[in-house]
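Only one structure is covered here, and it is reproduced in the block below.
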Amino acid sequence: MSAVIVAEQLTKWYGPRLAVDHVSFTVGAGEIMGLLGPNGSGKTTILRIFTGYLRPSSGTARIAGLDVVADAPAARRRVGYVPEDAPLYLGMGVREFLIFMGRLKGLTRASLGAAVDAATERLRLGPMRTAQIGRLSRGYRQRVAIAQALLGDPPLLILDEPTNGLDPRQIIEMRELIRSLGGERTIVVTSHILGEIQRVADRVAILLAGQLLGVHAVRASREGGRLRLRIRGEEERVSACLAGVPGVAAVRLESQRGSSPPVYLVDAEHPSVAEAVAGAVITAGFGLLSLESMPVDLEALFLKLTGDRAEAGG
Amino acid sequence: MRNFVTLLVKEEKAIFSSPIAFAIVAVYLLLMGYTFTLMLFLNRTAELVRVFFQAAVLFLLIVPVITMRLLAEERRNGTLEILLTSPVREIEIVLAKFAASLTLLGLMLSLTAVDAIVLGVYADPDWGPIYSGFLGLLLLAAALAAIGLAVSGLTSNQIVAAVVAMGVGILLWMIDSIGYLLPDPFDTIVTNLSLVAHFTPFATGAVFLSDLGFFLTVILVGLLVSMRTLARR
């Protein structure tokens, strides 16, 4: 997978304060990368460096091979950006704003109308196309902001806290939208909410106080996760039975206390494996006493990483 | 150039869809009409010198109100981030905003031209000072707009932008007074910074290249500072 985004030793000082501390990572084509961290961890600063809004103090940031400082205009043409809180010209109509942004992005007169129509349709803004942006709900405004980011069909989409201020239904819609946009283009999305990142990103970069603590795959946890089963039966036969279920990646015995039946941990490749595992255990005549689904706990990972750093610092 | 036109159209719409523009034009015309009528009946001479000075003083107060929102509003609303992360150059943003504010000021000046037409219809004025006076007013308005734009770029608070720009404009207007207290060569330097010192020849019918150069320099410095406020940090 070729890298669309490359950050190498990216560092940003705000006066005496170090906001981003030698951060390096890459994001491949079609990948959804989540930047996760508490407020003030440097997420937005990193995004702003990639959009050309801020200059790095040192290090390099490249988009599709273009340096965001040396090749700024060309790099900016390859980015669709939705800043936090989706700032928009509230006095403009939706279509008027999209045409304005399309022109700034260099769309020709011939392609502008089609691009605006496509973005309007993609974001389901049709009924609102003549509405004044200031009169739209928070969710619609977020959609307008994403629609402008899609104009010009940039290979990279950068979304800063896209679910901020949305109600639960709008959050679900936004999540689905982001996932639908992934694959065809690279997306970098920030959030300080673990669950949001876990649901949309393929990988997550965890940041704390400007430092990158680690980059972890979350696709597996979202798509499958781990099953925890307490099963009565002969251990070897039970393990063989579980391992034989399609979609089971690994089986491990967690513990066996006294005479109580043992607990098995099963790494599943997709959510429906749980049903198949239960069916296989019952069909084989074992006693299925409990079954729990345990997705990989990003929260625990985050706490562990940030805790480790705090201990190291303290 | 295409980006400039796109941004200019957006700015013109923003200015002329705002009730502020209409309030400013209305108040300006009311005060200028009052001054013109008063001067005409008191002096009974076919000249506009006092009208030009009245307009200049009004511009010191009005132009900052026009320019206060230009960059401060974009900064406060976060839309500046959208503009600066688009493939747009800072100079295009600054020039579009400057040109848009000049459009409104030009409209106000052209409406003041009615005074000259009245003089032309009912008397035989000396047209030289009238032409130069309008040129001087246009240059003064442009210089104040450039100052206002630069100040607007330094803050996200429109009221602060207006008050500071007003302060800078008024200080530059009357800074020549302090020149009398200063030793040579500071007196000359300070006097040459004065807006009124460079505007007076225009208002009275004398056009000097040095005065023209002064206003163009102030405009250029204002626009450069405006661009600097947009520079990526």
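Computed values, structure above
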read-out	value
Residue in segment B:64-72 that is within 14 Å of chain A (Cβ to nearest Cβ) and outside any helix (DSSP H, G or I) present	no
Out of A:GLU176, A:GLU184, sole residue that is free of Cβ contacts under 8 Å to residues at least 12 places away in the same chain and closer than 28 Å to A:SER2 by Cα	A:GLU176
So A:LEU47, is it within 12 Å of chain B (Cβ to nearest Cβ), surrounded by 17 or more Cβ atoms within 10 Å (Cβ to Cβ) and more than 22 Å from A:ILE5 (Cα to Cα)	no
Subset of segment B:156-198 [among the polar types (S, T, N, Q), part of a helix (DSSP H, G or I) and in contact (Cβ under 8 Å) with a residue 12 or more places away in the chain]	B:GLN158, B:THR191, B:ASN192
Residue that is nearest to the other protein chains (Cβ to nearest Cβ), among those in segment A:50-85 that are aliphatic (A, V, I, L, M) and touching a residue at least 60 places away in the same chain (Cβ under 8 Å)	A:VAL79
Options A:ARG103, A:ARG95, A:ARG55, A:ARG76; residue that is assigned to a loop (DSSP other than H, G, I, E, B) and either in contact with a Cys (Cβ under 6 Å, 6 or more places away or on another chain) or basic (Lys, Arg) (or both)	A:ARG55
Test: A:ALA19 is in the same structural domain as A:LEU194 (by TED's automatic domain parsing), in a strand (DSSP E or B) and touching a Phe, Trp or Tyr at 6+ places or on another chain (Cβ under 6 Å)	no
Hits in segment B:1-59 (condition: touching a residue at least 60 places away in the same chain (Cβ under 8 Å), of a type in the set (D, E, K, R) and within 14 Å of chain A (Cβ to nearest Cβ))	B:LYS10, B:GLU11, B:GLU12
Qualifying residue in segment A:79-87 (condition: over 19 Å from A:THR45 (Cα atoms) and either modelled with pLDDT of 95 or more or assigned by TED's automatic domain parsing to the domain that holds A:LEU36 (or both))	no
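Listed here are the residues, each with its yes/no results for (1) surrounded by fewer than 16 Cβ atoms within 10 Å (Cβ to Cβ); (2) within 28 Å of A:ARG124 (Cα to Cα).
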position	(1), (2)
A:ILE172	yes, yes
A:LEU194	no, yes
A:ARG199	no, yes
A:GLU234	yes, no
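The values are calculated or read from the model by the stated rules, or taken from the named source; none is laboratory data. These figures come from a predicted structure and were not determined experimentally. As a convention, Cβ positions derive from the backbone with ideal geometry for all residues, glycine included, and neighbour counts pool all protein chains shown.
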